[in-house]
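The structure appears right after this line, and notes come after that.
The values are calculated or read from the model by the stated rules, or taken from the named source; none is laboratory data. What you see is a predicted model, and the numbers here were worked out from it, not measured in a lab. No Cβ is skipped: glycine too gets one built from the backbone with ideal geometry, and neighbour counts run over all protein chains shown.
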Amino acid sequence: MRRLLAAGLILCLAVRLGAAADDERAAGLKEQIHTLETVVAGAKNAGEKTRLEVQLQRLRQELSVLESRQILESRERALQDGRTASPLARLREKLRDIDSTVTEAEARVHSLAARHQQAAAERDAVMTQVEGGRPQAGANADRQADLEERLFTKGEELRALALAREAAEDEIELAHEADRLRERLKAAEGAATRGGVRALSEAYTRLREIRLVGDQFAAPLADLDQNLKVSQSALELARQKLAKYDEELLLLQRQTGFLNRDARVERLLAEQRSQKNALGERLPFMAAQVEAIRHAQQVVRARQELAGLELAFQEEQLQNLEADGLRRLRWPGLMLLGLLGLQLVASRGVLPIFYKKESLFLARRLVRYLLIALAVVVLTGFLFDDLSTVVTMLGVVSAALVISLQDVCTSFFGWFVIMGGGKLRIGDRLEIDGTRGDVIDIQLLRTTLVEVNGWLGQDQPTGRIILLPNNFIFKHKVFNFTHGHPYIWGKVDVTVTFATPVASALLLFQRVLEEETREEFAGARQAGATMQERYGVEDADYRPKIYTHIADSGVTLSLFFVAHYRHFSATRNRINRRLVAELETHRHIQLAYTTLHILNERSGVGEAPPSAVLGPDVTTPPYFRAGANRPPDSYSPSR
């Protein structure tokens, strides 16, 4: 890889130097032509002038050929720049320069690991010898100093091997990244560029990862630069020190000789030679350290450059995906606009022809929901490439929602039950768990009612709005006042005294019911016939009815009537007012109420209790005492 990089660098330098030389040569030719033209213009001799013109013509031809070749070379360079202008081309070119493989790098790491292990064993052996020695004078002291120098040299060797191993491991990473990018480029060649949601999401995620990886190279490069400076400085100092050793040894050798020997100088000379030899042994390892750091720098910079090219390529891919996504959004956009126009036409023009009031509101709501569902289908089809993934994702999300949002999901499915069953509609009056109200809206999750009755005690709106989750259809009993037909039964209880002729009261109350509820019963009979045709079961006998039962203070007559659910209170009020008016003209019909009757025990005289008489529409007040004469049509209970 380093040879290829060096060859590429030399080629680039050669091209640049050749272009500069051509420019310099062209400038020289132009200057020569200009000078020669001046000489030709001033020449007096015809033969000399002819010779100079021939030479001038040759220089002009040479300049023309040189300029033509420069134009061709500039076009070639422009073409070459165009080939490598795109991030993909630069990335491919960079991958071609990376010739190291994972296998070769791993083999180098194993070899360096074995050498490191052997050097570590040798260092441990030397360290054992150093620790076992004693600092003594003479030969032992020299040997101890030699062992310490050897230990220091082994340390430098180990550091050089460790740095080389780290560089080889970085080279493994570089080879892995190169192989990964080659596989990705192969996959990208066969894959179509489609700007779906999944592709865009993966592209954004990959872009963030590449940026993070690119940012991770700054710190290692700074450390390598610092280590390289220190190692180069140490190597330079070692070389200078080695040169000083040579100078010092030369001076010491001059101070001693065969005829004039000095023991102290000889000893110092031996020590200096030993230190020089030790330094000479360390010097290759220190140079190897510098070379390993430089190699690591090259590998890390190559990885950084590769990450930068991958980042540029990924940004270009992302731009292509975004552009394709925008192009693909045109058709969904047009379809959504069409659906919106269809919704406006349907809700404003078509539906009002077939539906009115509550039905129109519900129809518009259903059309809106249908168009929203179609819009979701359209967007899903255009934006998602793999619909099976969407279905799987929706299944997982639906399961999670059902578990975590059980009530919400139940309300959502309750809407389908309500709308599909047809038992509840907008405008119906419902009673749910003791709450009564008129339905004004049915949404996906909740039903809206206007409260009726409440604290008023009458079937009149209270003004409050009730919001019920749609899951009430599964959890509560629902009373519908309007399903089938809008007429409901009601009753008015009237309690008369026991002295009131019940038959007369029955005739009077029956006449009042028939006159006041004639239209209601006619409408109820017609609606009941329709309901019987629908369900095949007779609804009820729609005629005024009066039932009686004996109460504590009199006889209670229950007057049963029907009324439209929206006019129930008005109908009952009308019946009550008519009854009050009739009772004012029929004094013999007395309403019962709780009374306190006191008897005189000392006189033994008391009044007879009142009684109910089934007879003609007459009464004979007052009640008679015991033993007194009574008319024959009166009745007195036995004591």
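What the table shows:
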{"quantity": "Single condition Glu247 does not satisfy, out of (1) without any contact (Cβ under 8 Å) to a residue 24 or more places away in the chain; (2) surrounded by 15 or more Cβ atoms within 10 Å (Cβ to Cβ)", "calculated": "(2)"}
{"quantity": "Number of the condition not met by Ile172 [criteria: (1) in contact with an Asp or Glu (Cβ under 8 Å, 6 or more places away or on another chain); (2) in a helix (DSSP H, G or I); (3) at pLDDT below 90; (4) β-branched (Val, Ile, Thr)]", "calculated": "(3)"}
{"quantity": "The listed residue being closer than 30 Å to Ser233 by Cα and not hydrophobic (A, V, I, L, M, F, W, C), out of Glu305, Glu310", "calculated": "Glu305"}
{"quantity": "Of residues in region 477-513 being among the small types (Gly, Ala, Ser) and under 14 Å from Ala592 (Cβ atoms), the one modelled with the highest pLDDT", "calculated": "Ala505"}
{"quantity": "Residue count for region 137-169, restricted to those that are at pLDDT below 85 and farther than 20 Å from Ala278 by Cβ", "calculated": "1"}
{"quantity": "Among (1) outside the structural domain of Phe561 (by TED's automatic domain parsing); (2) of a type outside the set (A, V, I, L, M, F, W, C); (3) closer than 19 Å to Arg578 by Cα - the single one His485 does not satisfy", "calculated": "(3)"}
{"quantity": "Answer from Thr50, Thr103 - the residue that is hydroxyl-bearing (Ser, Thr, Tyr), within 30 Å of Glu177 (Cα to Cα) and not in a loop (DSSP other than H, G, I, E, B)", "calculated": "Thr103"}
{"quantity": "Leading residue by the ranking (nearest to the chain's Cα centre (by Cα)) among those in region 551-565 that are surrounded by fewer than 17 Cβ atoms within 10 Å (Cβ to Cβ) and at pLDDT below 90", "calculated": "Ala551"}
{"quantity": "Enumeration of residues in region 412-434 that are under 15 Å from Phe474 (Cβ atoms) and either among the small types (Gly, Ala, Ser) or in contact with a helix residue (DSSP H, G or I) (Cβ under 8 Å, 6 or more places away or on another chain) (or both)", "calculated": "Gly414, Val417, Ile418, Met419, Gly420, Gly421, Leu424, Ile432, Asp433"}
{"quantity": "Residue in region 253-267 that is within 30 Å of Glu171 (Cβ to Cβ) and of a type in the set (Gly, Ala, Ser) present", "calculated": "no"}
{"quantity": "Enumeration of residues in region 52-79 that are more than 25 Å from Ala21 (Cβ to Cβ), modelled with pLDDT of 80 or more and surrounded by 12 or more Cβ atoms within 10 Å (Cβ to Cβ)", "calculated": "Glu53"}
{"quantity": "Verdict on Asp539 being exposed (fewer than 12 other Cβ atoms within 10 Å of the Cβ) and outside any helix (DSSP H, G or I)", "calculated": "no"}
{"quantity": "All positions within region 474-515 that are aromatic (Phe, Trp, Tyr) and surrounded by 15 or more Cβ atoms within 10 Å (Cβ to Cβ)", "calculated": "Phe481, Tyr487, Phe498, Phe509"}
{"quantity": "Leu329 exposed (fewer than 14 other Cβ atoms within 10 Å of the Cβ), without any contact (Cβ under 8 Å) to a residue 60 or more places away in the chain and under 33 Å from the mean Cα position of the chain (by Cα)", "calculated": "no"}
{"quantity": "Flag for Ala119 being in the same structural domain as Gln297 (by TED's automatic domain parsing) and either at pLDDT 85 or above or within 27 Å of Gln317 (Cβ to Cβ) (or both)", "calculated": "yes"}
{"quantity": "Criterion violated by Glu514 - all others in (1) part of a strand (DSSP E or B); (2) touching a Pro at 6+ places or on another chain (Cβ under 7 Å); (3) among the charged types (D, E, K, R) satisfied", "calculated": "(1)"}
{"quantity": "Pairs where the first residue, in region 35-46, is in the same structural domain as Arg60 (by TED's automatic domain parsing) and the second is among the charged types (D, E, K, R), C-beta under 8 Å, 6+ apart", "calculated": "Val40/Lys49; Val40/Glu53; Ala43/Lys49"}
{"quantity": "Residue within region 464-473 that is under 44 Å from the mean Cα position of the chain (by Cα), of a type in the set (A, V, I, L, M, F, W, C), part of a helix (DSSP H, G or I) and assigned by TED's automatic domain parsing to the domain that holds Val439 present", "calculated": "yes"}
{"quantity": "Neighbours by Cβ (under 7 Å, 6+ apart or cross-chain): first from region 52-69, outside the structural domain of Gly28 (by TED's automatic domain parsing); second of a type outside the set (D, E, K, R) and not in a helix (DSSP H, G or I)", "calculated": "none"}
{"quantity": "Any hit, region 214-236, residues being assigned by TED's automatic domain parsing to the domain that holds Glu177, over 29 Å from Asp99 (Cα atoms) and surrounded by 14 or more Cβ atoms within 10 Å (Cβ to Cβ)", "calculated": "yes"}
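One line per residue, one yes/no per condition, for (1) of a type in the set (Lys, Arg); (2) buried (at least 16 other Cβ atoms within 10 Å of the Cβ); (3) touching a residue at least 60 places away in the same chain (Cβ under 8 Å):
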| position | (1), (2), (3) |
| --- | --- |
| Val417 | no, no, no |
| Gly420 | no, no, no |
| Leu424 | no, yes, no |
| Leu430 | no, yes, no |
| Arg436 | yes, yes, no |
| Ile440 | no, no, no |
| Leu445 | no, yes, no |
| Leu449 | no, yes, no |
| Val452 | no, yes, no |
